[in-house]
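What follows is a set of notes on a single structure, which appears directly below.
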Amino acid sequence: MQTVGPFSTREISSAFWLLIFAAWALRKPDIRRAIYRIGQSFCHLKILVPIFLMTVYVWAIIAGLKAIGVWQPDLLKDTIIWFCFGAIAMLARFATADRPGNAFRETLTDSLKVVILVEFLVNTYTFPLAMELALVPLLSFIAILGAIADTKKEFKAVSKVLKGVQAILGMTILTVAVTRAWADWQNLESLDTLRSVALAPILSVSLLPFLYLLILYAKYEIVFVRLNSGSSMSRGLKRYAHMRILMHAGLHLGRIENLLDGHMAYLAFARTESEVDRALSRAKGASVADPQEAATTYPTDS
């Protein structure tokens, strides 16, 4: 690996160009105002508390991995990079997903793909710093042009050319990485290499239970807010409805999502315990319903 201190030449190159872009962007008043507004939105308890809890959870996971010899101090840099870009991205992805259950399955599948080994080889066997300084902006520029070209039918031919260029450059980089890895096989097959390859998948999969419980809590909060604000239930009936909802869904995220997708309207306007039970019973046996369909499913008792 081409390195300068503890960092690879690709990491240094990416950081260099990121700083250049940030310096240029911060000169623009509109961008500075936008960053300030984003910062204000970020400094909110509903964002800061989950990130703090996730930090504590990840620290506990790392302590456990260290205790069994999987995590070593030389993986600290990779762990910090994973947390800043991987864990935070996972948190945002699950928090904004329409169906978080699907996101969990996709993340688990992605963590077990062979492409992780390919990414490790490409990121391990980098080029000299001067070449990386030219390569990083070139690849980024081609990727941006390709994304823009994909949005317009008249640029379809350009998009094909750009994808071809990306494929050629990608195969060239991969070929160089595989060739160097083959020549360096004795070092590559070491236990330290195995730890480096497995670090991100292990941390990502280990983070899933925390994210599951966090999303489950958020969904419950939405259900209870809607139940409390959207109905004229008595306090006693609301307490009964809360208890029955917890018994109905438990730790089953799909049932809470199903309840929110089409059954809350009837539940919120239930007037008796039997109506609450009937709404939850129907929600348990139904697939994800359309709100209008749910309205026809539940006739109002006279």
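The values are calculated or read from the model by the stated rules, or taken from the named source; none is laboratory data. What you are looking at is a predicted structure, and each value in this text was computed from that prediction instead of being measured. A quick note on method: Cβ atoms are made from the backbone with ideal geometry, for glycine too, and the neighbour counts reach across all protein chains shown. Side chains included, ligands, DNA and RNA excluded: accessible areas come from the protein's heavy atoms. Shrake-Rupley method; radii C 1.70, N 1.55, O 1.52, S 1.80 Å.
Selection over the range 120-139 of residues that are open to solvent by less than 30 Å² (accessible area, probe 1.4 Å) and without any contact (Cβ under 8 Å) to a residue 24 or more places away in the chain gives a count of 0.
Has the range 62-75 got any residue that is within 30 Å of residue 134 (Cβ to Cβ) and open to solvent by less than 50 Å² (accessible area, probe 1.4 Å)? The answer is yes; a qualifying residue exists. Could you please let me know if residue 46 is part of a helix (DSSP H, G or I) and within 20 Å of the chain's Cα centre (by Cα)? For residue 46, the condition - part of a helix (DSSP H, G or I) and within 20 Å of the chain's Cα centre (by Cα) - is met.
Listed by position, the helices (runs of 4 or more DSSP H) enclosed by the range 73-191 that each have at least 1 residues that are under 30 Å from residue 53 (Cβ atoms) and modelled with pLDDT of 85 or more are 76-81, 88-96. One residue is enough: does the range 228-241 have a residue meeting the conditions open to solvent by less than 80 Å² (accessible area, probe 1.4 Å), in a helix (DSSP H, G or I) and hydroxyl-bearing (Ser, Thr, Tyr)? Within the range 228-241 (the criterion being open to solvent by less than 80 Å² (accessible area, probe 1.4 Å), in a helix (DSSP H, G or I) and hydroxyl-bearing (Ser, Thr, Tyr)), the answer is yes, since at least one residue qualifies. What about residue 53, is it closer than 12 Å to residue 207 by Cβ and either open to solvent by 50 Å² or more (accessible area, probe 1.4 Å) or in a loop (DSSP other than H, G, I, E, B) (or both)? Criteria met by residue 53.
Yes or no, residue by residue, for (1) free of Cβ contacts under 8 Å to residues at least 60 places away in the same chain; (2) at positive phi; (3) not charged (D, E, K, R):
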residue	(1), (2), (3)
221	yes, no, no
228	yes, no, yes
237	yes, no, yes
243	yes, no, yes
248	yes, no, yes
253	no, no, yes
257	no, no, no
267	yes, no, yes
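When residue 24 is tested against the conditions (1) of a type in the set (Phe, Trp, Tyr); (2) surrounded by fewer than 11 Cβ atoms within 10 Å (Cβ to Cβ); (3) under 25 Å from the mean Cα position of the chain (by Cα), the lone failure is (3). Checking 9, 79 one by one, the residue that is touching a strand residue (DSSP E or B) at 6+ places or on another chain (Cβ under 9 Å), open to solvent by less than 50 Å² (accessible area, probe 1.4 Å) and touching a residue at least 40 places away in the same chain (Cβ under 8 Å) is 9 and no other. Within the range 215-226, not a single residue is over 18 Å from residue 94 (Cβ atoms) and open to solvent by less than 20 Å² (accessible area, probe 1.4 Å).
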